[in-house]
């Protein structure tokens, strides 16, 4: 990475640069020291030239805030770029930077990658050591790489990942480094298509059909693609997500809520998350932990028959940048600010590696992606498949045409 410009997502600390995390609450302070993965990137010779935009505290898949404004879609600036790594994905797609880091709790590496037609990779739990006060329980969100191609994504992951004694839950094995060798043939793979979980998820018309066309191409290359469904109550998974998300956000942001001067500056979605955590009991948390474990076991049973599981990366195409979140998808009302992102929680709660790969564009030119989930720890296998998939399609060759104004 020697001499390469790098912009770090503005939820992470870069020595001598300001960290804002989106809201106007915090005083302008210069970060010190680097977060762990940032120090590794610096050690490889990258030159930090700025930060990439995020929603407040990374909450929501639309990167807007009152400090830096709204990040818009690389392919259509009237549309949103996704989030919370929306600034990273847009900067990457528009060639402002050669690759990008991001973080992912509820699809925040995957959704913006799909919306901007780039690669986003959420690594296995513990693959990239995170910097934070909680070393043991915070296992929902962590950092990962994005690239305009799979090779760049693999190379950045190699820099970011690896065991660190300061993070006891980080993985000790290393991912394979990129080597320009012959790629595996797609006919060696068997993929389970979970779609919308048999109608459970609300999806915008056109999303599933676009994804299924991409999977049909995968089949034409020899891969086996079958429809499958986890043996699990998906409504239970959503409640599990709400509990763990409320608990995680409340734990980190409650001091801001307790102070009347800062509470009034929090966006409504942040207040809702915190207040959702205030009433949780130990039994609530234990119930969610058991439910998450049951979900992992359900996913593990599917991996007995499939190499990878696949879902749409998002339930809707990129939408207007002027609205905060989708209130309705596919004729169904969305009851929370993030219900339209529910498709991402299965990958998150499994702890397994997930890669967003391009699925093409709809008739309006809006990008969409597919998220392929691999077995726990098999990051190299997922990325090896991604290389083979990328070589069989030409979606990444369609680059955005930049505009000087709206």
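Laboratory data are not the source of any read-out in this text; all were calculated from the coordinates shown. What you see is a predicted model; the values in this text were computed from it and never measured. Heads up, the Cβs are rebuilt from the backbone with ideal geometry, glycines too, and the neighbour counts pull from every protein chain shown.
A few remarks follow.
- Modelled this way, with points 7 Å down the Cα-to-C-beta line, the labels at residue 197 and residue 402 are 4.1 nm from one another.
- Choice from 32, 71, 19 showing the highest fluctuation, given a GNM over the chain with Cα pairs closer than 10 Å: 32
- Projected label distance in nm at residue 26 and residue 219, using a 7 Å step from Cα toward the beta-carbon: 4.8 nm
- Helix-only CD estimate at 222 nm, as mean residue ellipticity for the chain, using -39500 (n - 2.57) per DSSP H run (n ≥ 4): -9500 deg cm²/dmol
- Whether the stretch 96-160 is rounded, prolate or oblate, judged on the alpha carbon gyration tensor where a/c under 1.5 counts as rounded: prolate
- Square roots of five times the Cα gyration tensor eigenvalues for the stretch 305-367, Å: 23, 17, 10
- The stretch 344-392 and the stretch 50-86 have Cα centres spaced 21 Å apart.
- Distance between the stretch 265-319 and the stretch 96-117 - C-alpha centres, whole angstrom: 19 Å
- Short-range pairs are left out: with C-alpha atoms under 8 Å and at least six residues apart, the relative contact order of the stretch 211-293 is 36 percent.
- Inter-label distance for residue 361 and residue 294, nm, one decimal - labels placed 7 Å from Cα along Cα-to-Cβ: 4.5 nm
- Within a Gaussian network of the chain (alpha carbon springs, distance under 10 Å), most fluctuating of 100, 333, 363: 363
- For the options 273, 384, 304, a Gaussian network treatment of the chain with springs between C-alpha atoms closer than 10 Å singles out 304 as fluctuating the most.
- Cα gyration tensor, the stretch 135-246 - rounded (a/c under 1.5), prolate or oblate: oblate
- Ranked by the mean number of other Cβ atoms within 10 Å per residue, highest first, peptides 105-117, 391-403, 147-159 order as 105-117, 147-159, 391-403.
- Highest-first packing order for the peptide set 186-193, 369-376, 278-285 is 369-376, 186-193, 278-285, based on the mean count of other beta carbon atoms within 10 Å.
- Taking the average, over residues, of other Cβ atoms within 10 Å as the packing measure, peptides 237-244, 59-66, 321-328, 305-312 rank 59-66, 305-312, 237-244, 321-328 from highest down.
- Shape class of the stretch 238-280 from the alpha-carbon gyration tensor: prolate, with a/c at 1.5 or above and a/b greater than b/c.
- Relative counts (whole %) of C-alpha pair distances in the chain, using bins that are 20 Å wide: 29, 62, 9, 0
- Relative contact order of the stretch 288-354, defined on C-alpha pairs under 8 angstrom at six or more residues apart (%): 36 percent
- The per residue volume of the convex hull around the alpha-carbon atoms of the stretch 217-323 is 147 Å³.
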